[in-house]
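> Right, I'll just put the structure down here and ask away after.
All of the numbers you see were taken from the coordinates with simple rules; none came from a lab. Quantities reported herein were computed from a predicted structural model and do not represent experimental measurements. Glycine also receives a Cβ, built like all others from the backbone with ideal geometry; neighbour counts cover every protein chain displayed.
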């Protein structure tokens, strides 16, 4: 696929790096910052163009007239939208994706059509991150909660603890204990490495377990693995930017929320926009302030400032002072190891959350949902199995489907939304939604080929 990426910021660069690893992709990236482009081209097999992302001459030089897809992720909503407009009008670019942050735009869906602003798909990173954090707060014993099959199925990551009922027992006891055959363990990571699993695999303390379940079953399963599920009542948020504001507005309807913001002016703005949230002016890493605000009695502390270092520091201070759970927004993979050291309960990456949304539109075949895992080293995707003459999936049992190494069918949901129990003998039916866990991202292309898009949805 010929893909044109506009913007070499964190999201654009990371997306370019990931897509360039796949042999069938030709990547061109545009930015005004030549230093960023040179740094990127020195480590990644792609083409770079210096210039304004919305200028017709720059788009032409970048190959907009032959591009299969344009991904506009500059820092400006307006530039992203204009670039899509010009790419459509002048170059008839097939698929156009834009990052649009301002709710004043994204809330007006009628703006985006071929007759208005021709953006085929738009992503709002702040909205995506807010939803991601809200799911974690709803299920505090998990470190990742991912949505599939239009909300009917979720993949949940948990770290096992000694007090969990299933720790020390083989996987097969999961179904025996719960009496639910539609629950399935997709993968287990042990000491950072994925392990081969079957019904006899013993679950150990500190394993990272990814399981599939319906939303109604998630909390019961978390208890089975780590006994760590108490309803969250109080939340303290560090950082009053777009994410902090959206998160506070979302949570204050059902939780006691405090929000810490350094800027006096911004703190005043937040207080005016929020209803029941208590807005505090100060440094979120100030142990005196945190102590005065009873951080030790806070269920969840979430740090979402624009500084990774500040997020790390404030989370570590909150944890030391007695907060039950601390979450931190961190993009650098080197920092994420702190979670594994139990200093911070959950780290999450804005880049990876945003890229997951992008990949859903980039993937070949009839792939409808993609989530990246393990800092982009693994992937879970949802694809639709269509019936055709040479189908390698439809009409075959799970054990008959030839999957590349590192891939595993984690769940099957019918076209009517019914969650089907997955056994070796389970037959994949036409239009089933198949969720595949992929620990080796080099296998993604082979998985895509198993699910060709044979009819228009």
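> How big is the stretch 141-226 in terms of Cα radius of gyration and Dmax, in angstroms?
Looking at the stretch 141-226, its Cα Rg and Dmax stand at 11.8, 34 Å.
> Where does the stretch 155-282 land on Rg/Rh, using Cα atoms and the Kirkwood Rh?
Ratio of gyration radius to Kirkwood radius for the stretch 155-282: 1.17.
> Can you report the principal axis dimensions of the stretch 33-88 using only the alpha carbons, biggest first, rounded to whole angstrom?
Between the extreme Cα coordinates on each principal axis of the stretch 33-88 lie 31, 24, 17 Å.
> Strictly greater than 22 Å: what percent of every Cα pair in the stretch 234-347 meets that?
Of the Cα pairs, 25 percent sit more than 22 Å apart.
> Next question, about the same structure. So for the chain, averaging the separation of alpha carbon pairs under 8 Å that are six or more residues apart and normalising by length, what relative contact order in percent results?
Relative contact order, the chain: 10 percent.
> Run through the DSSP bridge list for the chain and note the antiparallel percent, rounded to the nearest 5.
Just about 50 percent of them are antiparallel.
> In nm, what is the difference between 0.36 nm times the number of residues separating residue 272 and residue 181 and their Cα-Cα distance?
Using 0.36 nm per residue and subtracting the Cα-Cα distance, I get 27.8 nm.
> Using a Förster distance of 45 Å, how high is the FRET efficiency between residue 427 and residue 92, based on the Cβ-Cβ distance and rounded to 0.05?
Computed FRET efficiency for residue 427 and residue 92: 0.60.
> To continue, here is another question. Report the FRET efficiency, 1/(1 + (r/R0)^6), for residue 110 and residue 1, where r is their Cβ-Cβ distance and R0 is 25 Å, rounded to 0.05.
With R0 = 25 Å, the Cβ-Cβ based efficiency is 0.25.
> OK, next. Given R₀ = 25 Å, what would the calculated FRET efficiency be for residue 287 paired with residue 264, taking r from the Cβ atoms and rounding to 0.05?
0.75
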